[in-house]
Amino acid sequence: MNLYHKFTYLSLNLFARWLRLLNDQTRDRLAIRLAAFIYNWVPLRKSTAVKNIARAFPDKSADWREEVLRRCYQFFLRLACLFFVIPEKYPQLKIHVTGREALDAALTGNQGAIMVAGHFGAWEVYAAWTGYNNYPVVPVAVRQRNRGANRFFTELRGQAGITPIYRKESLENMYAALEAGKLLTLGSDQDARKHGVFVEFFGQYSSTPKGTALFHLNTGAPVVCGACYEESDEYYLELERLPITPEDDVQSITQKYTTLLEQAVRRHPEQYFWWHRRWKTRPPATE
């Protein structure tokens, strides 16, 4: 690591230690104030989020959409602060799980399982739950350019027993994880450009990663969909086996889990990461 990366690693560790000294109420107040500052004074990707919410909810008023975005900033700043303290705070978290039997059943075979999720809700709580409950989870993650930040995040998640495979590594590593009976975890709701398959998301065709469908079709590994949302400082993790038939192909499988994600977002729009350029790539017919 160069000097800047070492400084980043040290700074993140010091910030995490400081946050761990705060009680939950103080940490939340800090996150909400920081969210207000960023909302008002740091417009990075804010216009993208405004447009995305308007595209997803064209029938809602401008005031409703603005309130959703404000709460979105608050939710993700609170989640970010929680992430730094999860190793110490996890035993205190109230997590209600439905569908755990679907996940357990999916892992009874000898081909592993695929867990697909979106950038919705408290995904760090979701990931921690799988790790601390000894599921053989292997997330496919993006390696941080800053090696200090990458080391910090890897070490923090590693305390829950989570070791990622990085997206640009060989596909053989991902197939090997499935062959070893692991739970390969994919986030599949970002714009996949021209490499994706177009499926409907909020009534608009969206380029979506094909990885989940291809891994299933090539290995037979079952697919489990998961979403974790927050209500009144408690977390609700919902797991569901994706119903796939022999007639399904890449497009129909991708559409099925995208539809489940949309349903979750409609229930809690303030807990979706609207800053992604989700509809950046247009279908070929409209270009």
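Rule-based calculations on the coordinates, nothing more; no lab input. Treat the numbers as computed from the prediction; the structure is a model and nothing was measured. Because the Cβ atoms are built from the backbone with ideal geometry, glycine has one as well, and the counts that use them run over all protein chains shown.
Between Glu238, Glu230, the distinction of being surrounded by fewer than 21 Cβ atoms within 10 Å (Cβ to Cβ), touching a Ser or Thr at 6+ places or on another chain (Cβ under 9 Å) and outside any helix (DSSP H, G or I) belongs to Glu238 only. When each of Ala80, Ala102, Ala128 is tested for being part of a helix (DSSP H, G or I) and either of a type in the set (Val, Ile, Thr) or more than 21 Å from Glu238 (Cβ to Cβ) (or both), the lone residue that passes is Ala80.
When we screen Arg143, Arg157, Arg151 for residues that are buried (at least 20 other Cβ atoms within 10 Å of the Cβ) and among the charged types (D, E, K, R), the only hit is Arg157.
Looking at the range 207-216, can you tell me whether even one residue there is of a type in the set (Val, Ile, Thr), farther than 27 Å from Pro43 by Cβ, in contact (Cβ under 8 Å) with a residue 40 or more places away in the chain and crowded, with 20+ Cβ neighbours inside 10 Å? Yes - at least one qualifying residue is present in the range 207-216.
Restricting attention to the range 46-73, the residues that are of a type in the set (Gly, Ala, Ser) and within 20 Å of Gln190 (Cβ to Cβ) add up to 4.
May I ask you to verify whether Ser206 is assigned to a helix (DSSP H, G or I) and either out of contact with any strand residue (DSSP E or B) (no Cβ under 9 Å at 6 or more places or on another chain) or among the small types (Gly, Ala, Ser) (or both)?
Taking the combined requirement at face value, the residue does not satisfy it.
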